Amino acid sequence: MAPGRILAIALAGAVSVLLAALWLALHEPWLGAEFAEPPARSAGLIVVSANAQAQAAGLRAGDRLRSLRAGGQSFDVPAGWLVETPSYFIRYSDYNAFLQQQGELRAVLGAPEVQVVREDGSAVALATVNRPLAA
C-alpha cells in the first residue's frame with residue numbers, strides 16, 4: 001500500500017475519533033453552571049458561574065448547593081467529591097464508590113428538568129440541555 005494512502009487512512013481515523021469524542025462531550029447533560037468545591041472540603045458545591053437560563057431560573061454565583069433531584073431520585077453531593085479524575089482515589093473501595101456516585105448523578109441528570117437544592121433547602125428547577133461548544 002502506498003504511503004500516501006496509509007497516511008490518508010490514519011488521518012481519516014484520527015478525525016473520526018476526534019469528532020466522536022466531541023459529539024460525546026457535547027451530548028452530556030448540562031445545567032448551565034460551573035461549580036467548585038466548598039471550603040474545608042465540606043459537602044455540597046459552590047456555584048462559580050451560571051448562564052442566562054440558569055440565572056433566570058434563580059441560580060446565582062455564590063449559591064451553595066447540597067443536592068440535585070429529579071424523577072423521584074436524589075443525589076446528595078458528598079464532601080471532597082470534585083476530583084479531576086477517578087485515579088485520584090488510592091483505594092479501590094473509594095474508586096468504586098465514586099463511580100457508583102457518578103452513575104447516580106447521571107441518572108438524575110438524565111431527566112429533562114433537575115431541581116438543584118440550595119443549602120437553605122430552597123430549590124431551583126433547571127432544564128438539562130446539551131453542553132454548548134463554548135463551554
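Please work out whether region 94-135 counts as rounded, prolate or oblate from its C-alpha gyration tensor, where a ≥ b ≥ c are the square roots of the eigenvalues and a/c under 1.5 means rounded, while otherwise a/b larger than b/c means prolate and anything else oblate? Walk me through the numbers before you get to the answer.
On the way: a/c = 2.04, a/b = 1.18, b/c = 1.74.
Oblate, because a/c is 1.5 or more while a/b does not exceed b/c.
Using only the Cα atoms of the chain, each taken as one equal point scatterer with no solvent, compute I(q) by the Debye sum, divide by I(0), and report log10 of the ratio at q = 0.17, 0.19, 0.22 Å⁻¹.
Each listed q maps to, in turn, -0.97, -1.16, -1.42.
Counting other Cβ atoms within 10 Å, keep those with at most 12, restrict to DSSP loop, and tell me which trypsin sites (Lys or Arg not before Pro) in region 1-95 are left.
Values: sites: Arg5, Arg41, Arg60, Arg64, Arg66, Arg69, Arg91; in loops: Arg60, Arg91.
Those that pass, being in a loop and sparsely packed, are Arg91.
Hand me the GluC sites (Glu not before Pro) from region 6-105 located in a DSSP loop with no more than 14 other Cβ atoms within 10 Å, in residue order please.
Values: sites: Glu34, Glu84, Glu104; in loops: Glu84.
For GluC sites (Glu not before Pro) across region 6-105 that sit outside H, G, I, E and B with at most 14 neighbouring Cβ atoms in 10 Å, the list reads Glu84.
In degrees, nearest 10, range 0 to 90: what is the angle between the Cα axis of helix 3-26 and the longest Cα principal axis of the chain?
Taking the Cα atoms of the chain, the angle to 3-26 is about 10 degrees.
Could you work out how far apart the two model spin labels at Ile6 and Glu28 are, taking each label as a point 7 Å from the Cα in the direction of the beta carbon, and quote it in nm?
3.6
Please calculate how many Å² of accessible area the chain carries per residue, with a 1.4 Å probe and no DNA, RNA or ligand atoms counted.
Values: 8630 Å² over 135 residues.
Normalised by residue count, the accessible surface of the chain is 64 Å².
What does the net charge come to around Val129 if you take all other residues with beta carbon closer than 12 Å to its beta carbon, with K and R at +1 and D and E at -1? Please list the in-between numbers first.
Numbers: positive: Arg131; negative: Glu28, Glu113.
Spelling it out: positives minus negatives among the neighbours equals -1.
Can you tell me the relative contact order of the chain? Whole percent, Cα pairs under 8 Å, sequence separation 6 or more. Show your work: numbers first, answer last.
Working: 192 pairs, mean separation 35.5, N = 135.
This gives 26 percent for the chain.
Go through region 95-103 residue by residue and turn each phi into a ³J(HN,Hα) via Karplus (6.51, -1.76, 1.60, θ = phi - 60°); whole Hz please, and just put x for glycine and proline.
4, 5, 5, 4, 5, 5, 4, 4, x
Using a Gaussian network model of the chain whose springs link C-alpha atoms within less than 10 Å, name the residue from Gly72, Gly44, Gly80 with the highest mean-square fluctuation.
Gly72
The values are calculated or read from the model by the stated rules, or taken from the named source; none is laboratory data. Note that the coordinates shown come from a computational prediction; the quantities given were computed from them, not determined experimentally. Backbone-built Cβ (ideal geometry, glycine too); neighbour counts: all protein chains shown. For accessibility, only protein heavy atoms count, side chains too; no ligands or nucleic acids. Shrake-Rupley method; radii C 1.70, N 1.55, O 1.52, S 1.80 Å.
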